[in-house]
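Reviewing the structure listed below.
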């Protein structure tokens, strides 16, 4: 079932346009926002924590000029519902994306994940080893995120919010503290302006988001518990993969690239020096060009449906 967006949001025209260009579908009784635009092979964009699909706005036009692009807001983020007792596990996030693909009749696609979205994509890859009847993932591009739980460096505020104290601190966290934490994840020369951050912070708090953000952030713990399952598709070379990384990211920058090269056979990596945690915002041209070049190398052809083809299986890491 699909719904048209309704209501208004207090933010700038760009975000309002983003919302007005999207739709909603129902997932387990909750309204999930998504935007779909373009023509060609389908690419699913899986955003990170804590904002939503608007994180893709600086590369949206370039992607949709060549591809059929789908970008949902996960439950608890963006313009999707934000229930206090929501299902915010990695499994539930992956289930939502699978449900959306079924709703839209997608049977094959490439995927781009960032931050939390990286872990969701890893779970989606893992479940396809168990169930080959699921819509086929033909290629995967990872932006900065915790591909390997043992290498991820959570910031102090993340660590605090993921504890039981997060129930008290999370809803009371002032906007200035969130702004400081987010700014610290950008590269030294790509810090966001207030105008850059205001719409993201508005989206974060939209529809009671401050009451659930700390609950969503617990994926960091879940990622540690599911580490082997999430890493297996990477070492197996389940699909063609690329890691586009802002190396100045204190969470998952150069140190995550080093671990990726250590564990993934024949790793394909694009390093963006001086860029932090949000390459799609800090270096949109380099990011989108890297993704498009990778998709073409993986077998993608512009405006040719179903043109993405899987690579040969890679050897298992011993």
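Structure notes:
- Unmet criterion (only one of (1) under 14 Å from residue 144 (Cα atoms); (2) touching a residue at least 60 places away in the same chain (Cβ under 8 Å)) for residue 257: (2)
- Residue match in the stretch 87-97 (condition: more than 20 Å from residue 232 (Cβ to Cβ), assigned to a loop (DSSP other than H, G, I, E, B) and over 15 Å from the mean Cα position of the chain (by Cα)): yes
- The combined condition, being touching a residue at least 40 places away in the same chain (Cβ under 8 Å), crowded, with 23+ Cβ neighbours inside 10 Å and farther than 23 Å from residue 251 by Cα, is not fulfilled by residue 126.
- Single residue of 204, 147, 197 found to be touching a strand residue (DSSP E or B) at 6+ places or on another chain (Cβ under 9 Å) and within 28 Å of residue 285 (Cα to Cα): 147
- Test: residue in the stretch 146-161 that is buried (at least 23 other Cβ atoms within 10 Å of the Cβ) and modelled with pLDDT of 95 or more: yes
- Index of the failed condition, residue 207 passing every other in (1) touching a helix residue (DSSP H, G or I) at 6+ places or on another chain (Cβ under 9 Å); (2) surrounded by 15 or more Cβ atoms within 10 Å (Cβ to Cβ); (3) part of a helix (DSSP H, G or I): (1)
- Helices (runs of 4 or more DSSP H) fully within the stretch 116-204 that include at least 1 residues being farther than 17 Å from residue 219 by Cα: 116-130, 166-172, 175-183.
Residues checked against (1) assigned to a loop (DSSP other than H, G, I, E, B); (2) free of Cβ contacts under 8 Å to residues at least 24 places away in the same chain; (3) surrounded by fewer than 19 Cβ atoms within 10 Å (Cβ to Cβ):
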residue: 40; (1), (2), (3): yes, no, no
residue: 44; (1), (2), (3): no, no, no
residue: 48; (1), (2), (3): yes, no, no
residue: 51; (1), (2), (3): yes, no, no
residue: 66; (1), (2), (3): yes, no, no
residue: 83; (1), (2), (3): yes, no, yes
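- Of all the residues in the stretch 254-275, those that are crowded, with 23+ Cβ neighbours inside 10 Å and assigned to a loop (DSSP other than H, G, I, E, B) number 1.
- The one condition from (1) touching a strand residue (DSSP E or B) at 6+ places or on another chain (Cβ under 8 Å); (2) in a helix (DSSP H, G or I); (3) in contact (Cβ under 8 Å) with a residue 24 or more places away in the chain that residue 233 does not meet is (1).
- Taken together, 232, 221 contain a single residue that is touching a helix residue (DSSP H, G or I) at 6+ places or on another chain (Cβ under 8 Å) and surrounded by fewer than 20 Cβ atoms within 10 Å (Cβ to Cβ), which is 232.
- Just so you know, in the stretch 276-297 the residues that are closer than 18 Å to residue 118 by Cα and assigned to a loop (DSSP other than H, G, I, E, B) include one that is farthest from the chain's Cα centre (by Cα), and it is 276.
- The lone criterion from (1) part of a loop (DSSP other than H, G, I, E, B); (2) over 25 Å from residue 223 (Cβ atoms); (3) modelled with pLDDT under 95 left unmet by residue 58 is number (3).
- Residue in the stretch 10-23 that is at pLDDT 95 or above, in a strand (DSSP E or B) and in contact with a strand residue (DSSP E or B) (Cβ under 8 Å, 6 or more places away or on another chain) present: yes
- Meets criteria (in contact with a helix residue (DSSP H, G or I) (Cβ under 9 Å, 6 or more places away or on another chain) and either farther than 30 Å from residue 138 by Cα or without any contact (Cβ under 8 Å) to a residue 24 or more places away in the chain (or both)) for residue 188: no
The values are calculated or read from the model by the stated rules, or taken from the named source; none is laboratory data. For clarity, every value in this text was computed on a predicted model and none was experimentally measured. Heads up, the Cβs are rebuilt from the backbone with ideal geometry, glycines too, and the neighbour counts pull from every protein chain shown.
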